[in-house]
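*Asks:* If you scroll down you'll find the structure; I have some questions about it.
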Amino acid sequence: MRLSLRKRLALVFFAITALAIGSLYLYVAPGLQSRLMGEKLSELAASARQHSGAISRTVGSSTALPAVHQIVVRTAGASGDRVTLLSVNNVPGGLQLDKQADSSDPAESSALKLALAYRAADTGKLVTGTEPSASGMVAQAAYPVLYSQQVAAVIVYSAPVSDIVRTVSTVRHEILVAGGLALLLALVAGYVVARAPALRVKRLELAAKQVAAGEFTQPIPVDSTDELGQLAIAFNEMQQQLLQLELARKKFIATASHELRTPIFSLGGFLELLEDEDLDAETRRRFLDQVRSQVQRLGKLSVDLLDLSRLEAGSLELRPEEVDLGELTRSVSSEFEPTLAQHDARLELRLPAQIEAQCDPVRVAQIVRILIDNALTHTPPGTQIVVTAGRDNGRVRLAIGDDGDGIDQQALAQIFEPFYTADDAQGSGLGLAIASELAERMSGKLSVRSATGATVFTLEIPA
């Protein structure tokens, strides 16, 4: 059976309270009884040392037994305990204790246990402890009396401790009663207190199900600053990111559909026209050029999609080597001479004679190609494009700038995201995302800064 969070929290409250009550019952109450017993035995031992002098002086003397009994009774009155005088006799096989005087009545004195008295007589030392009796537990202090360097008598001080046992039993009973009430209150309070976080967790669960179902427009209310509140904030941020990705995905599907549909329809139309046997050679050649252009356009889109999927899957293999970036950039720039002429743009290379870096030349060439193509696509005719390169602190920087209209500041934060394009931009929005991913895979980065009349993309990679 799966317990809900509310029930589990309530059980935690219950378990903690039960543990505390169990500790009180099993450790505190027995400890209290031991301390009280110890204090009582210490009092008896102190009384034995303090009040035994008068009785000790009668041992081995000619004092009559009635007088000894009176001294024992007075000593009992002074100490507040029952006092018993036992004589010690050596008999074959050991010691024998005989009662000489007792401060209590004969019926009560017959119940006195002598185990501690025998130990005191045998060791010659004061012995304390408890003994059972018909009326309950009794605390005893057995005080040995020496005569002619031998134990001649033992004075036993005893007091009932049944009141201590009853007190501890009462404490245990009260602990059980109070503990039962505390457990009930803990269970109810835990269930009530757990209701608020349980409802908040349930709200997160429902929101997660909505996100899983593709609904990203309902943020979770943030009603606190605790851990669950921070989780709600993080969830809302994740939801916004997923919403942006979903919008970008839908936009990409629409863009890709348009990008694919246009050349496919064009190819279909040109193929139908090429079936006309009356076409002159010049027209046929022009139609074939158009077919070739559309096929190239489809090829570029498919390659971009394949590169992006490999980068996201981490399966794109890099082959780093020592590369002269100046020579590589000049080679790539020469590919754009026809496009520059059509665009009436100027491409200026401000490169050192030689600048080397450890990188994959194919992928760096791809990044340069994407950046130059991006500059030509998103700037008006007559734009000047400048490519510069330099080395700084073990890093190589390759910058491609233009003097176009610039990039909107809100778009800068998303410009390297897959499928993102400006409202008036053409293309699939994959080029800059691929370039940024490639730079990161080569332990570098691709950055951009833009203002009106100056946009610069900078590729930074290890030297």
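*Asks:* List the number of the failed condition for residue 205; all other conditions in (1) charged (D, E, K, R); (2) buried (at least 19 other Cβ atoms within 10 Å of the Cβ); (3) modelled with pLDDT under 80 hold.
*Replies:* The number of the failed condition is (2).
*Asks:* Can you tell me which residue among 145, 165 is touching a residue at least 24 places away in the same chain (Cβ under 8 Å) and part of a helix (DSSP H, G or I)? Reasoning before the result, please.
*Replies:* Details: 145 fails: part of a helix (DSSP H, G or I).
Only one candidate passes the filter, namely 165.
*Asks:* Which one of the conditions (1) of a type outside the set (S, T, N, Q); (2) modelled with pLDDT of 75 or more; (3) under 24 Å from the mean Cα position of the chain (by Cα) does residue 189 fail to meet, given that it meets all the rest?
*Replies:* (3)
*Asks:* In region 439-463, what count of residues is obtained for those that are open to solvent by less than 40 Å² (accessible area, probe 1.4 Å) and touching a strand residue (DSSP E or B) at 6+ places or on another chain (Cβ under 8 Å)?
*Replies:* Let us first name the residues in region 439-463 that are open to solvent by less than 40 Å² (accessible area, probe 1.4 Å), namely 439, 442, 444, 446, 448, 450, 453, 455-462.
Add one more test, that the residue is touching a strand residue (DSSP E or B) at 6+ places or on another chain (Cβ under 8 Å), and what stays is 439, 442, 444, 446, 448, 450, 455-462.
Total satisfying the criteria: 14.
*Asks:* Is there any pair with a first residue in region 371-385 that is farther than 14 Å from residue 429 by Cα and a second that is assigned to a helix (DSSP H, G or I) and open to solvent by 30 Å² or more (accessible area, probe 1.4 Å) whose Cβ atoms are under 6 Å apart and which are 6 or more apart or on different chains, and what are they?
*Replies:* From residues that are farther than 14 Å from residue 429 by Cα, the pairs are 376/339; 376/343; 381/343.
*Asks:* List the helices (runs of 4 or more DSSP H) that sit entirely inside region 314-431 and contain at least 1 residues that are modelled with pLDDT of 90 or more and closer than 16 Å to residue 455 by Cα.
*Replies:* Qualifying helices (runs of 4 or more DSSP H): 361-377.
*Asks:* State the number of residues belonging to region 124-142 that are more than 13 Å from residue 47 (Cα to Cα) and assigned to a loop (DSSP other than H, G, I, E, B).
*Replies:* Qualifying residue count, region 124-142: 4.
*Asks:* List, please: which pairs have Cβ atoms under 8 Å, are six or more places apart or on different chains, and start with a residue in region 437-463 that is more than 17 Å from residue 412 (Cα to Cα) and of a type in the set (Gly, Ala, Ser) and end with one that is open to solvent by less than 20 Å² (accessible area, probe 1.4 Å) and assigned to a helix (DSSP H, G or I)?
*Replies:* Note: pairs meeting the criteria are 439/367.
*Asks:* On the given criteria, is residue 193 open to solvent by 80 Å² or more (accessible area, probe 1.4 Å), touching a residue at least 60 places away in the same chain (Cβ under 8 Å) and of a type in the set (A, V, I, L, M)? Walk me through it before giving the result.
*Replies:* Numbers: open to solvent by 80 Å² or more (accessible area, probe 1.4 Å): yes; touching a residue at least 60 places away in the same chain (Cβ under 8 Å): yes; of a type in the set (A, V, I, L, M): yes.
Judged against the criteria, residue 193 is a match.
*Asks:* Further, regarding this structure: Just for helices (runs of 4 or more DSSP H) wholly inside region 1-91: which have at least 2 residues that are in contact with a helix residue (DSSP H, G or I) (Cβ under 9 Å, 6 or more places away or on another chain) and at pLDDT 85 or above?
*Replies:* Values: elements: 5-23, 29-51, 53-58, 65-79.
Hits in region 1-91: 29-51, 53-58, 65-79.
*Asks:* Also, quick follow-up: Of all residues in region 123-172 being of a type in the set (D, E, K, R) and surrounded by 15 or more Cβ atoms within 10 Å (Cβ to Cβ), which is farthest from the chain's Cα centre (by Cα)? Quick ask: steps written out before the conclusion?
*Replies:* Just the residues of region 123-172 that are of a type in the set (D, E, K, R), to begin with: 125, 131, 163, 166, 172.
Still in the running and surrounded by 15 or more Cβ atoms within 10 Å (Cβ to Cβ): 131, 172.
Working: 131: 57, 172: 40 Å.
By that ranking, first place goes to 131.
*Asks:* Then there is this: Take region 338-359 and flag every residue that is open to solvent by 90 Å² or more (accessible area, probe 1.4 Å) and among the charged types (D, E, K, R). If you could, list the steps in order and put the result at the bottom.
*Replies:* Applying the first criterion (open to solvent by 90 Å² or more (accessible area, probe 1.4 Å)) to region 338-359 yields 342, 344, 346, 350, 353-354.
Within region 338-359, 344, 346, 350 qualify.
*Asks:* Filter region 47-66 down to the residues that are without any contact (Cβ under 8 Å) to a residue 40 or more places away in the chain and open to solvent by 50 Å² or more (accessible area, probe 1.4 Å), then identify the one that is nearest to residue 125 (Cα to Cα).
*Replies:* My answer is 50.
*Asks:* Does region 387-407 include one or more residues that are within 25 Å of residue 260 (Cα to Cα) and either surrounded by fewer than 17 Cβ atoms within 10 Å (Cβ to Cβ) or among the hydrophobic types (A, V, I, L, M, F, W, C) (or both)?
*Replies:* Filtering region 387-407 for residues within 25 Å of residue 260 (Cα to Cα) gives none.
Among the residues of region 387-407, not one is within 25 Å of residue 260 (Cα to Cα) and either surrounded by fewer than 17 Cβ atoms within 10 Å (Cβ to Cβ) or among the hydrophobic types (A, V, I, L, M, F, W, C) (or both), which makes the answer no.
*Asks:* From the set of residues in region 67-90 that are open to solvent by less than 60 Å² (accessible area, probe 1.4 Å) and among the charged types (D, E, K, R), which is farthest from the chain's Cα centre (by Cα)?
*Replies:* 82
*Asks:* Then there's this: Any idea which of 308, 242, 267 is open to solvent by less than 40 Å² (accessible area, probe 1.4 Å), assigned to a helix (DSSP H, G or I), modelled with pLDDT of 75 or more and in contact with a helix residue (DSSP H, G or I) (Cβ under 9 Å, 6 or more places away or on another chain)?
*Replies:* Among 308, 242, 267, only 267 is open to solvent by less than 40 Å² (accessible area, probe 1.4 Å), assigned to a helix (DSSP H, G or I), modelled with pLDDT of 75 or more and in contact with a helix residue (DSSP H, G or I) (Cβ under 9 Å, 6 or more places away or on another chain).
*Asks:* Which one of 176, 184 is open to solvent by 50 Å² or more (accessible area, probe 1.4 Å) and either among the basic types (Lys, Arg) or under 18 Å from residue 11 (Cα atoms) (or both)? Break it down into steps so the answer makes sense when it comes.
*Replies:* Working: 176 fails: either among the basic types (Lys, Arg) or under 18 Å from residue 11 (Cα atoms) (or both).
The conditions single out 184.
*Asks:* Moving on. In region 205-220, what residues are farther than 21 Å from residue 244 by Cβ and touching a helix residue (DSSP H, G or I) at 6+ places or on another chain (Cβ under 9 Å)? Before you say what the answer is, go through the steps one by one.
*Replies:* At the first step, the residues of region 205-220 found to be farther than 21 Å from residue 244 by Cβ are 205-206.
Matches in region 205-220: none.
*Asks:* Out of everything in region 210-233 that is in a helix (DSSP H, G or I) and open to solvent by less than 50 Å² (accessible area, probe 1.4 Å), what residue ends up being nearest to residue 418 (Cα to Cα)? Please lay out each step first, then the result.
*Replies:* Going through region 210-233, the residues in a helix (DSSP H, G or I) turn out to be 210-212, 227-233.
Applying the additional criterion that residues be open to solvent by less than 50 Å² (accessible area, probe 1.4 Å) yields 211, 228-229, 232.
Details: 211: 21, 228: 32, 229: 31, 232: 27 Å.
Applying the filter and picking the extreme gives 211.
*Asks:* So if I check each of 321, 335, 327, which one is closer than 13 Å to residue 369 by Cα and open to solvent by 70 Å² or more (accessible area, probe 1.4 Å)? Steps first, please.
*Replies:* Numbers: 321 fails: closer than 13 Å to residue 369 by Cα; 327 fails: closer than 13 Å to residue 369 by Cα.
On inspection, the qualifying residue turns out to be 335.
The values are calculated or read from the model by the stated rules, or taken from the named source; none is laboratory data. Just so it is clear, the structure is predicted and the values come from calculations on it, not from any experiment. Glycine gets a Cβ as well: all are built from the backbone with ideal geometry, and neighbour counts include every protein chain shown. These accessible areas exclude ligands, DNA and RNA; they are computed on the full protein's heavy atoms, side chains included. Shrake-Rupley method; radii C 1.70, N 1.55, O 1.52, S 1.80 Å.
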